[in-house]
Each structure stands twice: as structure tokens, then as C-alpha cells.
Amino acid sequence: QVQLVESGGGLVQAGDSLRLSCAASTRTFNTYTMGWFRQAPGKEREFVAAIRGSEGNTNYADSVKGRFTISRDNAKNTVYLQMNSLKPEDTAVYYCAADLNYYGSSWLWYHYWGQGTQVTVSS
């Protein structure tokens, strides 16, 4: 069982930056693909970014490419999402997810989830 705890959400203005963190409770963190997803009210959960384990390969949704950066510190069992040039449409609950075998954009295949952290971007 892997527990994920997100932090770093908040209320910001358009154009501002935020960095989300997700701490994982596993000794084999470097073997997990880590993903970030988000869900706005009334909308489906959508993929934001993912990063492989030790290789560090990354994948982004088109809507965040060039603005968001996913990274990980395997020594700290933590994955980050640096969000720059935030827009009101980025407003959502952001979830951290982990999986041993899947590296992709479908939330259905990630086995472990955090509780989410709210990001609100005002115009």
C-alpha cells in the first residue's frame, strides 16, 4: 500500500506560479510512475503530467505544455508539479497518482491516489 499526500495548493492570480508536492510512503518510490491529474467542478478527471521512475521520462497534456513541469526527487520520495503562467482554467483539485506498471494518461490505470489539493486561479 502506497500513501500519497499532496500539498502546495492555494489561491493565486492569473499569471502567478505555484509548486505542488506529493510525498509517497514507499521504499521503492523510484520504481513508480508518478502522475498529476486534475478535476474541475462538473468535469471529468483529466491528465496533467506523468514521470517515470528512475528514467525520469515525462509526458504532458497539451493544455499545460510549456507552462507546467513535473519532476521527482527519489531520495525524498517526492514528486513535484511546478505550475507557471497559471490561468483561470487551471482551477481544479489536483491529484497525485502512482502506479508500478503504467506510464500513461488514463486515470483509470493508476493504482494509488492522494486526497487532492485545491488550486484556484482568479482572473
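The values are calculated or read from the model by the stated rules, or taken from the named source; none is laboratory data. From a predicted model like this one, the values you see are computed outputs, not experimental measurements. Note that we place each Cβ from the backbone using ideal geometry, even for glycine, and neighbour counts take in every protein chain shown. Ligands, DNA and RNA are stripped out before the accessible areas are found, and what is left, the full protein with its side chains, is counted by its heavy atoms. Shrake-Rupley method; radii C 1.70, N 1.55, O 1.52, S 1.80 Å.
Computed FRET efficiency, Cβ-Cβ of Glu55 and Gln115, R0 22 Å: what is it to the nearest 0.05?
The pair Glu55/Gln115 has a calculated efficiency of 0.20.
Using a 1.4 Å probe, what is the accessible area per residue for the stretch 25-123, in Å²? Provide the component values of the computation, followed by the final result.
Working: 5100 Å² over 99 residues.
Value for the stretch 25-123: 51 Å² per residue.
Under 16 Å from the 7 Å Cα→Cβ point of Ser106, by amide nitrogen: which residues of the stretch 38-78?
It comes to 45-48, nothing else.
For the stretch 21-33, just list the computed ³J(HN,Hα) in residue order, Karplus coefficients 6.51, -1.76 and 1.60, θ = phi - 60°, integers in Hz, with x standing in for Gly and Pro.
Result, rounded to whole Hz: 10, 9, 9, 10, 9, 8, 7, 10, 3, 5, 8, 9, 6.
Give me the percent of the accessible area of the chain that comes from carbon and sulfur atoms, probe 1.4 Å, all protein chains in place.
Values: 2890 of 6410 Å².
Summing carbon and sulfur atoms, their accessible area is 45 percent of the total for the chain.
Translational D (Stokes-Einstein, µm²/s) of the chain at 4 °C and 1.567 mPa s when Rh comes from the Kirkwood sum over C-alpha pairs?
Using the Kirkwood radius from Cα pairs, D works out to 92 µm²/s.
Going 7 Å from the Cα of Ser122 along its beta-carbon direction, which residues of the stretch 67-90 have the amide nitrogen within less than 19 Å of the resulting point?
Inside the label zone: 85-90.
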